[in-house]
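Report on one structure; see the data block that follows.
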Protein chains: 2
Amino acid sequence: MSLNYRIIFHLMGLLLLCNGGFMIIAAIFSGIYNDGATLDITLAAIVTMIIGTLSMFLTRGHKKEVKKKEGYIIVTGGWLVMSLSGVLPYLFSGAIPDFTNAFFETISGYTTTGASILDDIEALPEGILFWRSLTHWIGGMGIIVLAIAILPLLGIGGMQLFAAEAPGPSSDKLHPRITDTAKRLWLIYFGYTVAETILLKLAGMSFFDAINHSLATLSTGGFSTKNLSTAYWNDQPLIQYIIILFMFLAGSNFVLSYYAFKGKVQKILFDEEFKFYTIFVVGFTIVSALVVYFKANVAVSEYHPMIWGEAESAFRHSLFQVLSVITTTGFVTADFTNWTHFLTIFYFGLFFLGGCAGSTSGGIKVMRHLLIIKNGLLEFKRTLHSNAVIPVRYNNKTVREHIVYNIIAFFVLYMLMFIIGSLVLGALGLDFESAIGGAASSLGNVGPGLGSLNPLSNFNGLPALGKWWCGFLMLLGRLELFTVLILFTPYFWKKI
Amino acid sequence: MSLNYRIIFHLMGLLLLCNGGFMIIAAIFSGIYNDGATLDITLAAIVTMIIGTLSMFLTRGHKKEVKKKEGYIIVTGGWLVMSLSGVLPYLFSGAIPDFTNAFFETISGYTTTGASILDDIEALPEGILFWRSLTHWIGGMGIIVLAIAILPLLGIGGMQLFAAEAPGPSSDKLHPRITDTAKRLWLIYFGYTVAETILLKLAGMSFFDAINHSLATLSTGGFSTKNLSTAYWNDQPLIQYIIILFMFLAGSNFVLSYYAFKGKVQKILFDEEFKFYTIFVVGFTIVSALVVYFKANVAVSEYHPMIWGEAESAFRHSLFQVLSVITTTGFVTADFTNWTHFLTIFYFGLFFLGGCAGSTSGGIKVMRHLLIIKNGLLEFKRTLHSNAVIPVRYNNKTVREHIVYNIIAFFVLYMLMFIIGSLVLGALGLDFESAIGGAASSLGNVGPGLGSLNPLSNFNGLPALGKWWCGFLMLLGRLELFTVLILFTPYFWKKI
Ligand SMILES: [K+]
Ligand SMILES: [K+]
């Protein structure tokens with residue numbers, strides 16, 4: 001059985017066509033703000049759409065059937081094709097003239113990582129900044145389809161577990177499930193984005209900043225239009241609380257939001273992952289806030305203006321940073337690597353957590369941690385009772401053994417890629433803390449790292465190879481490892 | 001079914017009696033060198049033996065039967081009882097007057113970690129230094145029994161896998177297997193120690209240094225009698241090559257040595273773990289040597305005298321440090337955290353490797369890594385073929401699923417304890433690199449850490465709580481996590 005390359009190229013063409021369409025929106029934005037980049041962005045859109053149309057035209061009359069193996073190629077290829085075409089607005093406008101830098105910024109966008117190479121963000125034309133935020137939002141749309149419709153069918157990392165809960169017809173065919181489920185959840189995604197934009201505008205942000213930050217929040221991306229990131233609004237707590245609310249929503253399962261709007265609140269109350277996601281956010285915020293309040297001497301810092309008192313400041317910055325890291329958004333209101341040694345390690349640990357499955361967040365994700373911890377505790381019981389068969393339960397259902405296996409294998413692979421990721425960054429000259437933080441952050445699609453890649457710094461200091469490597473790690477993490485790595489195994493290319 | 005506490009206390013008494021006997025040997029050493037500590041060590045021996053005899057006397061007439069649950073208590077309790085009594089020579093002689101420090105040094109000894117709080121090792125009486133090395137060697141004896149006879153029966157971390165290969169009668173009862181298997185392997189352990197002592201003496205070491213370093217090599221402990229550790233002999237390559245040879249043996253499975261002496265060389269050639277252990281050592285040495293030679297500017301360093309040229313120096317120090325870290329011996333000929341950023345991360349990664357199962361080394365161990373990697377690769381195959389049952393094979397045999405499960409759970413638990421370990425050290429004020437390095441090193445029973453705990457430094461700068469915490473991590477790592485942690489689970493204390 002050989003691969004159906006025609007449909008692969010056909011779908012890549014379709015993606016390019018859509019991407020060109022999105023560029024048009026950015027061009028319109030550029031035109032409204034009269035930022036001088038309108039023609040360049042339009043040109044990028046035209047080039048992208050022409051290539052897309054050509055690719056679709058040349059592969060017309062393909063067989064409609066997409067099998068598992070083609071699925072892996074389409075997912076990885078799709079993200080690459082988007083990133084390769086997404087650089088055009090940067091290159092054509094000269095906003096980011098260097099290809100490596102432009103590609104880094106773009107893949108960081110589509111993977112919703114939000115690590116940036118820009119030293120002066122505010123110097124860029126509005127249309128380009130909007131395009132930058134839009135790459136996040138497009139990436140987020142992709143992730144929703146991926147998590148809810150594609151990965152479960154491809155059998156990746158335990159995603160089967162909650163796919164059963166997703167709305168839409170339950171079918172084994174890719175096509176109807178994708179279109180039907182995706183449409184419902186995209187509507188919620190779109191609605192949340194509009195809601196956040198309105199609230200931020202009402203709270204005092206400019207419309208431009210409001211829409212950009214909303215695009216970057218719901219996708220858990222983290223690009224900001226300000227050099228200071230969200231620390232720019234440290235004197236306006238209300239704005240930060242609004243972002244906090246939407247980060248929390250973006251890191252939760254969109255399927256639950258869907259049920260909430262359908263009035264089925266019990267679905268949320270009985271969801272184990274949501275419960276622990278909330279517990280983690282609250283618990284870790286308390287720990288961080290107490291340490292910041294009693295141990296970190298930030299009272300006098302420029303970044304922590306005491307608008308509503310020192311306690312509120314410690315609480316808000318902790319809540320914001322905990323959510324920003326757990327949901328892997330990566331917005332920055334304060335440099336957590338500068339609070340205390342303990343909090344540096346603490347937040348580094350949170351790089352690995354991730355939000356809920358079915359959200360746009362990266363990382364390992366709460367569901368997987370829960371299953372791994374449950375299985376670990378049961379292992380003690382199994383050890384005592386001579387390896388009796390004691391299954392793991394999740395949301396009151398027994399989890400099939402091979403799914404637990406799959407999740408643990410994901411965890412091990414994640415750790416392995418983290419170690420290799422750190423080693424490569426170390427080989428490229430980064431010191432211990434920067435290398436380890438950079439690898440963990442890229443793999444988890446968080447954004448800010450540690451050391452020289454700390455939240456107030458950026459990734460521009462990396463050597464070119466380091467930028468490519470981090471981009472690879474972002475893609476790997478974003479596509480749940482297996483989807484990308486499976487393409488490198490001999491099993492994949494064997495004809496059976 | 002209630003626990004048979006009488007036999008637990010009886011065996012603790014027996015251990016104390018043995019430990020007192022070992023102290024007598026140290027006292028004799030002390031007398032020969034006339035170091036002024038002879039009476040103190042003798043007093044420590046007498047106190048220990050009296051308590052041991054009392055405990056045995058009071059629990060005479062116990063039921064002989066040891067069940068699984070008592071097994072866990074005996075193992076953890078045994079190491080604690082040894083450590084608590086092992087402090088006496090330090091305290092009585094005033095060599096280490098502080099209890100926390102003395103306990104740290106002792107548990108670091110018995111767990112064969114080799115982390116020290118001594119600022120000036122050479123100032124100590126010979127008898128005390130010998131006792132210090134002896135705690136390593138006693139710990140090593142304990143580990144051999146543990147790994148080959150006890151842990152497999154307790155069902156810990158996949159140790160069942162190679163227990164089938166161990167010599168001696170295969171029985172499910174603890175008693176005959178322990179005595180029979182242990183005796184054969186202890187003989188090899190003892191023989192290697194004697195052989196290394198003789199070779200080191202012939203190569204130019206003093207007898208005292210030779211025997212101490214042999215005790216610390218075969219147990220993969222790493223205490224040295226010199227402040228510079230084995231870097232003291234950086235101008236005598238032959239001595240270091242001898243230590244290299246015995247580190248390699250100490251990190252390999254003693255069961256294989258047994259078969260080698262029986263003439264069954266094919267057992268070694270067909271052992272998968274030994275093959276990869278060798279490949280790892282050779283491969284990692286090559287990487288390290290190339291980086292040291294071409295990138296690290298050590299040509300002029302005092303620690304790297306060019307006795308046999310710069311290339312040999314780079315090779316020797318790399319081989320020495322790779323073996324020292326992989327076998328978790330922790331001897332130091334050069335500060336690998338001072339070579340390049342890449343090598344710091346590289347050696348940090350090796351902290352997690354460990355030697356072979358059935359050796360005295362700590363860490364995760366090669367066998368577990370092999371099974372985890374094999375299972376991870378097969379997971380790709382399972383993903384492609386809709387989770388078909390594809391078992392892991394090891395040494396040409398199918399490994400039962402629950403053993404693979406158990407090994408992976410061990411790995412996850414190891415990572416979890418590493419993270420918690422780092423967080424606690426961070427909370428105690430250690431910086432990122434020191435906290436992470438210290439936790440990994442303690443858990444893996446390596447010895448030297450990173451940052452402020454680098455190979456040329458020691459653990460004396462830790463706050464008292466940090467010393468206790470590191471001691472706990474050492475015990476945890478040494479007893480393969482489950483053995484200790486299971487005592488903290490509710491399952492354990494439930495009567496069934
Ligand atoms: K992000
Ligand atoms: K050691």
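Since every read-out is calculated from the coordinates, none of them should be taken as a lab result. Just so it is clear, the model here is predicted, and its values are computed rather than measured. Heads up, the Cβs are rebuilt from the backbone with ideal geometry, glycines too, and the neighbour counts pull from every protein chain shown.
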Can you compute the charge dipole magnitude of chain A about its Cα centre, using +1 on each Lys and Arg Cβ and -1 on each Asp and Glu Cβ, nothing else charged? Give it in debye, rounded to the nearest 20. 2380
Indicate the gyration tensor shape class of chain B (rounded, prolate or oblate), computed on the Cα atoms with a ≥ b ≥ c the square roots of the eigenvalues: a/c under 1.5 is rounded; otherwise a/b larger than b/c is prolate and the rest oblate. rounded
For a test of the definition: using alpha carbon positions, the gyration tensor, and the 1.5 limit on a/c, classify the protein assembly as shown as rounded, prolate or oblate. prolate
Once R0 is set to 25 Å, what does the formula 1/(1 + (r/R0)^6) return for the Cβ-Cβ distance between residue A:2 and residue A:53, expressed as a FRET efficiency to the nearest 0.05? 0.45
The size of the Cβ-based charge dipole (Lys, Arg +1; Asp, Glu -1) of the protein assembly as shown about the Cα centre, to the nearest 20 debye, is 4680
Helix-only estimate, please: 222 nm mean residue ellipticity of chain B, summing -39500 (n - 2.57) across DSSP H runs of length 4 or more and dividing by its residues, to the nearest 500. -20500 deg cm²/dmol
Compute the FRET efficiency between residue B:236 and residue A:465 as 1/(1 + (r/R0)^6), taking r as their Cβ-Cβ distance and R0 = 45 Å, and round to the nearest 0.05. 0.65
Straight-line reach from residue A:226: which lysines have a Cα under 25 Å away, not including same-chain ones fewer than 8 places off? A:201, A:467
Low-density loop trypsin sites (Lys or Arg not before Pro), the range B:221-281, at most 12 other Cβ within 10 Å, DSSP non-H/G/I/E/B, are B:262, B:264
Subtract the Cα-Cα distance of residue B:18 and residue B:202 from 0.36 nm times their separation in residues, and report this length gain in nm to one decimal. 63.1 nm
Counting other chain Cβ atoms within 10 Å of each Cβ in A:345-351 and taking the mean gives 4
Based on the Cβ-Cβ distance of residue B:264 and residue B:99, what FRET efficiency does E = 1/(1 + (r/R0)^6) give at R0 = 45 Å, to the nearest 0.05? 0.40
Magnitude of the Cβ-charge dipole of the range A:1-113, K/R +1 and D/E -1, about the Cα centre, nearest 20 debye? 780
Name the residues whose placed amide hydrogens come within less than 5 Å of the amide hydrogen of residue B:363, ignoring near sequence neighbours (fewer than 5 apart) on the same chain. B:445
A chain fully extended from residue A:488 to residue A:294 at 0.36 nm per residue, minus the present Cα-Cα distance, gains in nm 64.9 nm
Long-range amide H contacts for residue A:393: which residues qualify at under 5 Å (H placed 1.01 Å from N, peptide plane, sequence gap of 5 or more or a different chain)? A:399
Tell me the trypsin sites (Lys or Arg not before Pro) within the range A:437-496 that lie in a loop according to DSSP and have at most 13 other beta-carbon atoms within 10 Å. A:494, A:495
Inter-centroid distance (Cα atoms) of the range A:1-42 relative to the range B:26-67, Å: 81
Where a ≥ b ≥ c are root eigenvalues of the Cα gyration tensor, a/c under 1.5 meaning rounded, otherwise prolate if a/b exceeds b/c and oblate otherwise, the range A:266-493 counts as oblate
Any idea which of A:207, A:99, A:16 is furthest toward the positive side of the dipole for chain A, if Lys and Arg beta-carbons carry +1 and Asp and Glu beta-carbons -1? A:16
